[in-house]
Structure formats: C-alpha cells, structure tokens
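Working notes for the structure below.
The values are calculated or read from the model by the stated rules, or taken from the named source; none is laboratory data. Everything numeric in this text was worked out from a predicted model, so none of it was measured. Counting neighbours? That spans all protein chains shown, and the Cβs are built from the backbone with ideal geometry, glycine included. Ligands, DNA and RNA are excluded from the accessible area calculation, which covers all protein heavy atoms including side chains. Shrake-Rupley method; radii C 1.70, N 1.55, O 1.52, S 1.80 Å.
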Amino acid sequence: MDRHFQNYIFLLALIFLPLSMLAQDATLKGKVRDSYNHELDSVLVQIKAVGAKTYTDAEGNYMLKVPPGKYFVHFDHPNFKTAVEVVSLAPSA
C-alpha cells in the first residue's frame, strides 16, 4: 500500500475518532403505568424532534437513546389519552 495513502488514512482516523467520542447519546428509560398502577404494554413512546420512538414491553418498560437535550416525550396508546412530558437529558456515562 502506498505510504502516503497510509498516512492519509491514519490522519483521517485521528481527526474523526475524537468527533465520534463527542457524539455521546443520552438514555431515556422508564416504566409506563396507568392510574391504578398497572403496567402498560404497547404504549408508543416517542420524541418527535429527533424521530426516536419505541413501544413499551409487557412490563411497561421502555428505553430510547437520543442526543442530549430538552425534549417533549409523547406517550400514546389507543385506550388512553395521550400524555406529554418534558425531559432534559444529559449524556450517558
């Protein structure tokens, strides 16, 4: 392989590696329950601003990885009124 090409690839790796380390995601996780404290499955949990969404599992648990920031989190289920919560997320450790 050409020596100049190897140096070029090495230089690119040095430039982009620190950038990828800065792009840390934040984790939003929780459990959805109804007013009777029953765990709810199949609730759509989404942060529309970044296009992140998931559904709760059988125990009502969910987890989303998104860039750090302040977001409106929407909780949608066909049998319940939509709920919206505001969260501020810091980078995950």
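I'm checking my understanding of the structure. Among residues of the range 61-93 that are among the small types (G, A, S) and under 27 Å from Q24 (Cβ atoms), which one is farthest from the chain's Cα centre (by Cα)?
Result: A93.
Can you tell me how many residues within the range 53-75 are polar (S, T, N, Q) and closer than 20 Å to P91 by Cβ?
Of the range 53-75, the ones polar (S, T, N, Q) are 54, 56, 61.
Imposing the further condition that a residue be closer than 20 Å to P91 by Cβ reduces the set to 54.
Qualifying residue count for the region: 1.
Considered as a group, the residues in the range 53-93 that are surrounded by fewer than 17 Cβ atoms within 10 Å (Cβ to Cβ) and among the polar types (S, T, N, Q) include one that is modelled with the lowest pLDDT, and that residue is S92.
When the range 33-52 is filtered for residues that are open to solvent by less than 60 Å² (accessible area, probe 1.4 Å), touching a strand residue (DSSP E or B) at 6+ places or on another chain (Cβ under 6 Å) and farther than 19 Å from S92 by Cα, the ones remaining, listed by number, are V43, L44, V45.
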